[in-house]
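Chemist: Below are the structure tokens for one structure; questions will follow.
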Amino acid sequence: MKLTKIEEMYNDLNKTPEASLSSRELPEDLPVKYKQLIAKTNGGYTEDRYFHFLGISGTKYHNIFEWNKNDGWKQYFGLTDMHFVFAEDIFGNQYFFKRGRRKNAVYVLWISTGATDFMADTFESFVRDIVDDTLEEVMGDLKNLARIFLKHTGTKWKTFCHISHKKPLILSGKDELENLELSDSLTNLFFLGQLISQLKHLPPGTSVKNVIMNKEKREVQIVF
């Protein structure tokens, strides 16, 4: 019997070390196919390591309930309970469902700018066209950039990390190898979120003199 794309992804997912499942249940208004996948796998990484699907147990870097807390990184990007983040890619872009509205559709938060976009009509089409995009017509450029970075810099892939920009794009940084590094996923989200939330209401042309980052507290201070 030929496997569906959802079943293929389930079989290909590499489980994270946290195997025991939580007693907490996912919200009822999420797509059925998605909930079936998580019930079988507890999330994990796709074979190419590009996508990370959050699970219902594990550390704060993997636990979907911790990840979606409104007082965490989400607050800086304007996401609420209505935005249920279920996966991310190696650059930290966050994929989510809009609860109560087109609940089967998948959207993306581009963390470099804070913008959100529609990605797919259903979770199944998201898996087929975005995650399992063998022709790479959708995510090809980003996947290629990730491969080049890991290969040519000798950087080893790590769980719960993002390929981030040393100088953020929102501060005129470039998508160049010299400007890329591997960083802690939550730290990256907190830093970029705070940058975006502090910069988005400023008049065009405002000069930023310095950005002070406290990695221990995950706090950002912009000096004008």
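Chemist: Among the residues of the range 84-127 satisfying the criterion of being in contact with a Phe, Trp or Tyr (Cβ under 6 Å, 6 or more places away or on another chain) and of a type in the set (S, T, N, Q), which is farthest from Ile163 (Cα to Cα)?
Modeler: Taking the candidates together, the pick is Thr116.
Chemist: Is it fair to say Gly100 is assigned to a loop (DSSP other than H, G, I, E, B) and either crowded, with 17+ Cβ neighbours inside 10 Å or touching a helix residue (DSSP H, G or I) at 6+ places or on another chain (Cβ under 8 Å) (or both)?
Modeler: The answer is no for Gly100.
Chemist: Answer with yes or no whether Glu25 is surrounded by fewer than 18 Cβ atoms within 10 Å (Cβ to Cβ) and either assigned to a helix (DSSP H, G or I) or at negative phi (or both).
Modeler: Against the criterion (surrounded by fewer than 18 Cβ atoms within 10 Å (Cβ to Cβ) and either assigned to a helix (DSSP H, G or I) or at negative phi (or both)), Glu25 qualifies.
Chemist: Report whether or not Tyr76 is under 12 Å from the mean Cα position of the chain (by Cα) and surrounded by fewer than 22 Cβ atoms within 10 Å (Cβ to Cβ).
Modeler: So Tyr76 does not fit the description; no.
Chemist: Across the range 53-97, which residue is nearest to Ser185 (Cα to Cα) among those that are free of Cβ contacts under 8 Å to residues at least 60 places away in the same chain, aliphatic (A, V, I, L, M) and part of a loop (DSSP other than H, G, I, E, B)?
Modeler: Filtering the range 53-97 for residues that are free of Cβ contacts under 8 Å to residues at least 60 places away in the same chain, aliphatic (A, V, I, L, M) and part of a loop (DSSP other than H, G, I, E, B), the one nearest to Ser185 (Cα to Cα) comes out as Leu54.
Chemist: Just to verify a result, which residue in the range 128-155, among those that are over 15 Å from the mean Cα position of the chain (by Cα) and in contact (Cβ under 8 Å) with a residue 24 or more places away in the chain, is farthest from Ser185 (Cα to Cα)?
Modeler: Arg128
Chemist: Of the conditions (1) in a helix (DSSP H, G or I); (2) within 20 Å of the chain's Cα centre (by Cα); (3) modelled with pLDDT of 90 or more, Glu178 fails just one. Which one is it?
Modeler: (2)
Chemist: Could you check, for the range 67-76, whether at least one of its residues is closer than 30 Å to Ile196 by Cβ, at pLDDT 95 or above and of a type in the set (A, V, I, L, M, F, W, C)?
Modeler: Looking through the range 67-76, at least one residue is closer than 30 Å to Ile196 by Cβ, at pLDDT 95 or above and of a type in the set (A, V, I, L, M, F, W, C).
Chemist: All but one of (1) touching a residue at least 24 places away in the same chain (Cβ under 8 Å); (2) in a loop (DSSP other than H, G, I, E, B) hold for Lys33; which doesn't?
Modeler: It fails just one condition, (2).
Chemist: For the range 139-157, does any single residue satisfy the condition of being farther than 18 Å from His52 by Cβ, surrounded by 17 or more Cβ atoms within 10 Å (Cβ to Cβ) and modelled with pLDDT under 95?
Modeler: No; the residues of the range 139-157 include none that is farther than 18 Å from His52 by Cβ, surrounded by 17 or more Cβ atoms within 10 Å (Cβ to Cβ) and modelled with pLDDT under 95.
Chemist: Identify all residues within the range 163-205 that are of a type outside the set (S, T, N, Q) and within 14 Å of Arg218 (Cβ to Cβ); write none if there are none.
Modeler: Residues satisfying the conditions are Asp184, Leu186, Leu189, Phe190, Phe191, Leu192, Gly193, Leu195.
Chemist: If you don't mind, another one. Of the conditions (1) surrounded by 14 or more Cβ atoms within 10 Å (Cβ to Cβ); (2) more than 22 Å from Arg49 (Cα to Cα), Phe118 fails just one. Which one is it?
Modeler: Among (1) surrounded by 14 or more Cβ atoms within 10 Å (Cβ to Cβ); (2) more than 22 Å from Arg49 (Cα to Cα), Phe118 violates only (1).
Chemist: Are any residues in the range 138-173 assigned to a loop (DSSP other than H, G, I, E, B) and under 21 Å from Val108 (Cα atoms), and if so, which ones?
Modeler: Val138, Met139, Thr159, Phe160, Pro168, listed by residue number.
Chemist: A further question follows. Restricting the first residue to the range 107-127 and requiring it to be free of Cβ contacts under 8 Å to residues at least 40 places away in the same chain, which pairs with a second residue that is surrounded by 15 or more Cβ atoms within 10 Å (Cβ to Cβ) and among the acidic types (Asp, Glu) meet a Cβ separation below 7 Å and a spacing of at least six or different chains?
Modeler: Listed by first residue and then by second, the contacts come to Ala120/Asp129.
Chemist: Within the group Tyr107, Tyr45, which residue is more than 28 Å from Lys217 (Cβ to Cβ), at pLDDT 95 or above and not aliphatic (A, V, I, L, M)?
Modeler: When all the criteria are applied, what remains is Tyr107.
The values are calculated or read from the model by the stated rules, or taken from the named source; none is laboratory data. These numbers come from a predicted model, not from an experiment. Every residue, glycine among them, receives a Cβ derived from its backbone with ideal geometry; neighbour counts consider all protein chains shown.
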